[in-house]
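The values are calculated or read from the model by the stated rules, or taken from the named source; none is laboratory data. Note that the coordinates shown come from a computational prediction; the quantities given were computed from them, not determined experimentally. Note that each Cβ is placed from the backbone with ideal geometry, even for glycine, and that neighbours are counted across all protein chains shown. Surface accessibility is based on the protein's heavy atoms, side chains included, excluding ligands, DNA and RNA. Shrake-Rupley method; radii C 1.70, N 1.55, O 1.52, S 1.80 Å.
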Amino acid sequence: MTEAASLSQNRISEIALNNIVIPIIPAVASTKERKRQAPRGRRVDPAAQEQVRALLGEAPRRRDLLIEFLHLIQDSYGHLSSAHLAALAAELRMAQTEVYEVATFYHHFDVVKEGEAVPAALTVRVCDGLSCEMAGAKDLLARLPAILGKDVRVLAAPCIGRCEQAPAAVVHQNPVPHATTDKIARLAAANARIHKPEGYVDYEAYRKQGGYATLAACVDGQRDVESVIKTMEDSGLRGLGGAGFPAGRKWRIVRGEPGPRLMAVNIDEGEPGTFKDRVYLERDPHRFLEGMLIAAWAVGIESIYIYLRDEYHGCRTVLEDELARLKAHSPIPTMPHIELRRGAGAYICGEESAMIESIEGKRGMPRLRPPYVAQVGLFNRPTLEHNFETLYWVRDLIEKGATWFSGGGRNGRKGLRSFSVSGRVKEPGVKLAPAGITIRELIDEYCGGMLDGQQFYAYLPGGASGGILPATMGDIPLDFDTLQPYGCFIGSAAVVVLSNKDTATDAARNLMDFFKHESCGQCTPCRVGTAKAAQLLAQPKWNVALLADLSQVMRDASICGLGQAAPNPVDCVIKYFPNELA
């Protein structure tokens with residue numbers, strides 16, 4: 001027995017160790033065990049609990065619905081109070097810390113602690129993405145607070161997916177294209193309800209145009225699974241969310257996994273410069289839905305989860321209405337279970353595994369791989385994950401054949417690309433053009449040329465993370481695999497055009513600020529690296545050697561593509577725009 005163990009429990013003993021006296025206080029045996037009268041943490045306020053129960057109604061108390069329930073509370077009360085978060089945790093039988101960490105992860109949730117001021121009843125978000133900054137967003141942000149007054153909150157927001165309408169803003173949940181102080185002030189005063197896009201093809205019109213006939217032909221046996229998947233493979237269609245994985249191969253891989261199999265659809269296009277999914281969804285939602293159902297039939301999908309970014313409020317209204325019509329008048333005997341899930345403002349959720357985490361009601365943090373989503377995805381089941389636009393073209397591919405898609409292309413490339421074009425061109429927007437078109441051809445043939453009095457200076461071929469190239473390199477075919485030799489990639493084909501009014505260094509600063517804001521914080525190379533890079537870029541003279549070291553660490557050690565690709569714009573500026581660093 002040691003000396004300490006032999007000491008009496010009724011006195012305080014001391015042991016001298018290396019001339020340091022350490023008091024040892026023996027445990028005191030309690031004659032009566034204390035009983036906790038309530039669980040650890042905040043006690044649930046009965047009034048708050050009744051309010052939460054009224055909002056949830058008959059909805060199942062499932063953990064994966066946590067984000068949906070947080071939206072219900074925020075929409076009703078304008079913020080998330082500590083009392084409501086505690087009540088929601090009790091309803092879902094979750095720890096309060098779990099609910100709190102999810103609520104504070106997403107930008108669109110306003111968590112208000114005890115004693116803190118409640119946010120203003122009306123919020124105006126002004127996009128400060130690259131295209132909007134070039135169009136005057138900073139001036140709007142500077143002038144609006146004084147114009148709108150203290151009862152309106154004005155926030156700078158990351159890209160809201162309206163780059164062709166720059167500068168763009170959102171008043172409450174209503175978008176303001178080509179925003180001015182007058183437009184924003186009028187909409188703020190009107191306090192208008194959410195309006196959905198006009199002129200889109202609804203369910204009845206789509207059916208009259210032959211819609212869902214291809215799906216019905218698949219389901220009733222007129223088409224077989226193997227021929228449909230073979231058509232997808234032969235077409236060369238690759239994932240159009242940015243990763244570019246062959247769609248037909250993905251169908252075959254997931255179909256080979258044991259059931260039940262699920263599908264997750266990504267409409268969380270948060271890459272600055274990207275807005276193609278929104279435009280197609282506003283025009284023809286059922287073309288996407290039919291493609292989605294054909295994919296579900298071919299792969300053997302039981303349930304489908306559509307993840308739509310929260311910035312697209314009008315699109316959500318469209319999808320809710322049209323899904324209700326589709327389910328009420330189903331063109332096939334049995335339809336998969338379909339759920340529409342709402343994002344909450346997090347660019348990282350465009351990464352497939354982070355999106356899956358969010359659908360499961362968690363923080364949107366990317367998963368380590370392997371296992372891959374096709375094997376262990378949503379709710380740990382094999383999951384077919386697709387971008388909106390990939391599914392949008394499925395019906396045309398099946399009806400017109402593989403060569404319809406693969407037959408297009410220029411400069412030795414095959415297929416079609418939907419380019420989201422913004423910046424200093426006369427006619428920005430979504431341009432369906434041949435794969436392999438060059439930026440010069442795209443500007444001249446599809447965008448009406450450069451703005452009057454401005455000269456083509458530089459361009460982003462693939463959004464914020466796709467790099468920056470000078471106009472002197474404007475003859476590179478724009479497609480998968482053609483830009484990598486130059487340290488760039490096409491991604492989701494978000495093209496931002498810069499003129500002689502702009503600088504590549506300012507563009508890189510804007511983009512790195514975005515990555516710093518949107519890093520999920522899970523891994524140190526990305527969390528610290530983006531912050532450090534933004535700090536270095538803010539200096540009048542860049543420390544090129546330190547930026548190069550930082551870039552290498554981020555590329556080698558970041559968990560997901562955000563941290564790995566964030567250095568691309570900086571590296572391109574250093575390599576291709578040395579005159580700006582002199």
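With mean projected area of the Cα convex hull in nm² in mind, check (1) 29.2; (2) 32.9; (3) 36.0 and report the label derived from this structure.
Correct label, based on the coordinates given: (3).
At 0.36 nm per residue, and after removing the present C-alpha to C-alpha distance, how many nm does the segment from Arg283 to Val544 gain when stretched out fully?
Using 0.36 nm per residue and subtracting the Cα-Cα distance, I get 89.4 nm.
Using Cα positions and a limit of under 25 Å, work out the lysines in reach of Lys431, with same-chain residues fewer than 8 apart set aside.
Lys431 reaches Lys196, Lys276, Lys400, Lys414, Lys501.
Please give, to one decimal in nm, the separation of the simple spin-label points placed at Gln484 and Leu368, each 7 Å out from Cα toward the Cβ.
Label at Gln484, label at Leu368, 2.5 nm between them.
May I ask for the distance between the Cα centers of segment 371-395 and segment 420-492, given as a whole number of Å?
Using only Cα atoms to place each centre, the spacing works out to 29 Å.
Hey, what's the chain come to in accessible area per residue, 1.4 Å probe, Å²?
Value for the chain: 44 Å² per residue.
Quick one: Cα centre-to-centre distance for segment 236-275 and segment 67-139, in angstrom?
If you average the Cα positions of each part, the centres end up 30 Å apart.
Less than 27 Å apart at the alpha-carbon level, and either on another chain or at least 8 residues along: which lysines does that give for Lys532?
Straight-distance partners of Lys532: Lys138, Lys516, Lys541, Lys575.
Cβ neighbours within 10 Å, averaged per peptide: list 559-566, 151-158, 385-392 in order, most packed at the top.
Top of the packing list down: 385-392, 559-566, 151-158.
So for each of 207-215, 219-227, 338-346 I average, over its residues, the number of other beta carbons within 10 Å; can you give me the resulting order with the highest mean first?
Highest to lowest by the protection proxy: 338-346, 207-215, 219-227.
What's the extension gain from Lys183 to Leu451 if we count 0.36 nm per residue and subtract their Cα-Cα distance?
Stretched fully, the Lys183-Leu451 segment lengthens by 94.1 nm.
For the chain, with all protein chains present and a 1.4 Å probe, just round the carbon and sulfur fraction of the accessible area to a whole percent.
Of the solvent-accessible surface of the chain, carbon and sulfur hold 50 percent.
Can you compute the modelled spin-label distance between Lys575 and Ala54, with each label point 7 Å from Cα toward Cβ, in nm?
6.0
At 222 nm, what value in deg cm²/dmol follows for the chain if DSSP H runs of at least 4 each add -39500 (n - 2.57) and the sum is divided by all its residues, to the nearest 500?
Rounded to the nearest 500, the figure is -12000 deg cm²/dmol.
Relative contact order of the chain, please, whole-number percent, based on alpha carbon pairs below 8 angstrom and at least 6 residues apart.
For the chain, the relative contact order is 12 percent.
What's the ranking of 408-417, 320-329 by average number of surrounding C-beta atoms within 10 Å, highest first?
Ranking the peptides 408-417, 320-329 by packing returns 408-417, 320-329.
Using the Karplus curve 6.51 cos²θ - 1.76 cosθ + 1.60 with θ = phi - 60°, work out ³J(HN,Hα) for each residue of segment 528-539 in order, rounded to whole Hz, and write x for Gly and Pro.
7, x, 5, 5, 5, 5, 4, 5, 5, 5, 6, 6
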